[in-house]
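Report on the structure given below.
The values are calculated or read from the model by the stated rules, or taken from the named source; none is laboratory data. Not measured: the values here are computed from a predicted model. Cβ: placed from backbone, ideal geometry, glycine included. Neighbour counts: every protein chain shown.
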Amino acid sequence: MQSIRNRVQQAQRIVIKVGSSSLTYPETGKLDLTRMELLCRELSSLHNAGKDVVLVSSGAIMVGLQALGLHRRPHVLSRVQACAAIGQARLMMLYQKFFSEYNQNCGQILLTKYSLIRPDACMNAHNTFEELLDLGVIPIVNENDTIATDEIEFGDNDSLSALVASLIHADLLILLSDIDGLYDDDPHTNPDAHFIEEVYEINEALMEGAKGASSRVGTGGMATKLNAARIACASNCDMIIANARDFHIIGRLIAGAREGTFFAAKPDPNFSFETCVEKI
């Protein structure tokens, strides 16, 4: 159904999520600055077209590991959080540099489950987003890994990006990953897996087929993306899973290209933002 994808072209408030694997060289795990610069250019172009743009970006811990010369993620939580503190600062420094080259202002928002479960903190987060967008700023969102614990962490930015889309009443959520979209099985291991172009209902069959797909660098697999789709679609937000190998895909999607897997919004009158946060 071509007509339903036309809503993508009309979307005014857009959340784009980029995972760690989409920002790094697969051979070294280090940041691919050329790709990062292209991402900022694409988002700047969207912003210049009059769209509200929010970027949910992973990568803080990975950048911190590289800065400290560590070759693997530490097992001690406090060491991981130290890596996040170093990496988040460096990541934002790069985003500010690249966005400034295209005359854009960006701002940092770090969230935890605790900050979204508490009604007052959640409202403050919503108000901050609204003010930044009203001022023409591109918010850059990540989980606050420096203070998150097992009990209050999101665990992946797929879920976080869906909650952000719900919180700010976005029209469209784009999850960029290292896969073309949703398949009925893991295409990395099953060459006969079939691509699913559009989804109107997320059922158990879809969830079962998504269990095996995962990314080498990121923490979220396809199952987390389907959970994100459930949140976004129930919040009246369309969602697309698409391949991040070429960030030009952002512009193509907004122009109406039939790429990736499109999840049609299906508002749920019983949807509860607080319940979704608690279940993650």
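Quick notes on this one:
- Complete set of residues in the range 21-41 that are surrounded by fewer than 19 Cβ atoms within 10 Å (Cβ to Cβ) and either more than 13 Å from Ile249 (Cα to Cα) or among the acidic types (Asp, Glu) (or both): Tyr25, Pro26, Glu27, Thr28, Gly29, Lys30, Asp32, Leu33, Thr34, Glu37
- Failed item, numbered, when Glu130 is tested on (1) under 18 Å from Lys17 (Cα atoms); (2) part of a helix (DSSP H, G or I); (3) of a type outside the set (Lys, Arg): (1)
- Flag if Arg118 is modelled with pLDDT of 90 or more, surrounded by fewer than 20 Cβ atoms within 10 Å (Cβ to Cβ) and of a type outside the set (S, T, N, Q): no
- For the range 134-168, the candidate set comprises residues that are among the acidic types (Asp, Glu) and either assigned to a loop (DSSP other than H, G, I, E, B) or in contact with a Phe, Trp or Tyr (Cβ under 6 Å, 6 or more places away or on another chain) (or both); within that set, the residue that is modelled with the lowest pLDDT is Glu151.
- Cys233 over 26 Å from Leu23 (Cβ atoms), part of a helix (DSSP H, G or I), under 19 Å from the mean Cα position of the chain (by Cα) and at pLDDT 90 or above: yes
- Close pairs from the range 23-42: first farther than 18 Å from Asn243 by Cα and among the β-branched types (Val, Ile, Thr), partner at pLDDT below 95 and not in a strand (DSSP E or B), Cβ under 9 Å, at least 6 apart: Thr28/Gln66
- Leading residue by the ranking (modelled with the highest pLDDT) among those in the range 269-280 that are part of a loop (DSSP other than H, G, I, E, B) and surrounded by 13 or more Cβ atoms within 10 Å (Cβ to Cβ): Phe271
- Beta carbons closer than 6 Å, at least 6 apart along the sequence or on distinct chains, pair a first residue in the range 102-129 that is β-branched (Val, Ile, Thr) with a second that is in a loop (DSSP other than H, G, I, E, B) for Thr112/Asn144; Thr112/Ala148; Thr112/Ile152.
- Residues that are out of contact with any strand residue (DSSP E or B) (no Cβ under 8 Å at 6 or more places or on another chain) and polar (S, T, N, Q) were ranked within the range 257-280; the one that is nearest to Thr112 (Cα to Cα) is Thr275.
- Among the residues of the range 169-205, the one identified as in a strand (DSSP E or B) and of a type in the set (Asp, Glu) is Glu198.
- Gly59 vs. criteria touching a residue at least 12 places away in the same chain (Cβ under 8 Å), surrounded by fewer than 18 Cβ atoms within 10 Å (Cβ to Cβ) and under 20 Å from Phe247 (Cα atoms): no
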